[in-house]
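All remarks here apply to the structure that follows.
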Amino acid sequence: MNKEWSELNKTMQQQLKKKDSYEDGISTLGLLREYLFETIQSFKDELEREDFDAMPFINADGYHSKNIAYSLWHVFRIEDIVAHSVICGDDEVFFAKGYQKRMKSPIITTGNELIREQISDFTRELDIDALYSYIEDVKKSTEKILKELPYDSMKLKISDERRKHLVSLNVVSSAESAIWLIDYWCGKDIRGLIQMPFSRHWIMHIEACLRIRKKLIGRSVN
């Protein structure tokens, strides 16, 4: 893991535990997300459209077996779902701003159910410019929510009513590789959700994307 990202992530987790450092923790999280977002933006600046669909490690175990477009879709669909449907109980950016049509996406889920060539078949249909617009809108929306969350909400659990609403949206596939997400999210408190979908989850997938990009750049040089 990138040392700077790792240190910021650890600092943020410690700061969120105490009331007197909670606001600093939200600020540290914001800084971490800005660094990560710069890397996300670099993919758009440096790569060709077909690079977003490339799967040079398709047979590997790990997040790098996916592709960059899928990873970005997956990270921000999960963040949108968790921020709005799980934490706030309001409309996801995806639905509120008509992003399924804008991105030309055949799915509304997190994509966990997709495997191997299904992933590249899916991402080839995506409008990458619209995907990046979605990423920016989700990021801004989440950060607004984070700034408004009081420290006293950190230990709150997700209600059964909220869980039922999440299930009804069908944004998580019923496939075995995806359905576990509902129990995972609803088993955490608000602080636990901040520490995974809004931070560590970004790091894990972005580092996988960097590994893919390095492979693609090496191939183009050769």
Could you provide, to the nearest whole Å², the per residue accessible area of the chain with probe 1.4 Å? 50 Å²
Provide the packing ranking of 161-167, 91-97, 5-11, i.e. peptides ordered by the mean count of other C-beta atoms within 10 Å per residue, highest first. 91-97, 5-11, 161-167
Which pairs, out of 44/104; 3/104; 101/139; 104/139; 66/157, put more than 27 Å between their alpha-carbon atoms? 3/104; 66/157
Could you sort the peptides 119-127, 142-150 by per-residue average Cβ neighbour count (10 Å cutoff), highest mean leading? 119-127, 142-150
I'm checking a number: the convex hull volume of the Cα atoms of the range 103-150, normalised per residue, in Å³. What is it? 87 Å³
Eligible aspartates and glutamates near residue 140 by straight Cα distance, threshold 15 Å, same-chain separation 8 or greater: 34, 38, 79, 80, 91, 92, 148
For an R0 of 25 angstrom, estimate the FRET efficiency from the Cβ-Cβ distance between residue 97 and residue 19 and round to the nearest 0.05. 0.10
Shape call, the chain: gyration tensor on alpha carbons, a/c limit 1.5: oblate
Probe radius 1.4 Å, ligands and nucleic acids left out: which of 209, 88 has the largest accessible area, and how do the rest follow? 88, 209
Sites residue 58 and residue 4 - FRET efficiency at Förster radius 35 Å, r taken between beta-carbons, to 0.05: 0.70
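How high is the FRET efficiency between residue 165 and residue 41 when r is their beta carbon distance and R₀ equals 35 Å, given to the nearest 0.05?
Calculated value: 0.60.
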Taking all protein chains in place and a 1.4 Å probe, what share, in percent, of the accessible surface of the chain do carbon and sulfur account for? 47 percent
Given the rule -39500 (n - 2.57) for each run of at least 4 DSSP H residues, summed and divided by the residues of the chain, what is its mean residue ellipticity at 222 nm, to the nearest 500 deg cm²/dmol? -19000 deg cm²/dmol
Place a +1 charge on the Cβ of each Lys and Arg in the chain and a -1 charge on the Cβ of each Asp and Glu, then give the dipole magnitude about the Cα centre in debye, rounded to the nearest 20. 380 debye
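The values are calculated or read from the model by the stated rules, or taken from the named source; none is laboratory data. As the structure is a prediction and not an experimental result, all values here were calculated from the model. Glycine also receives a Cβ, built like all others from the backbone with ideal geometry; neighbour counts cover every protein chain displayed. Heads up: the accessible areas ignore ligands, DNA and RNA and are worked out on the full protein's heavy atoms, side chains in. Shrake-Rupley method; radii C 1.70, N 1.55, O 1.52, S 1.80 Å.
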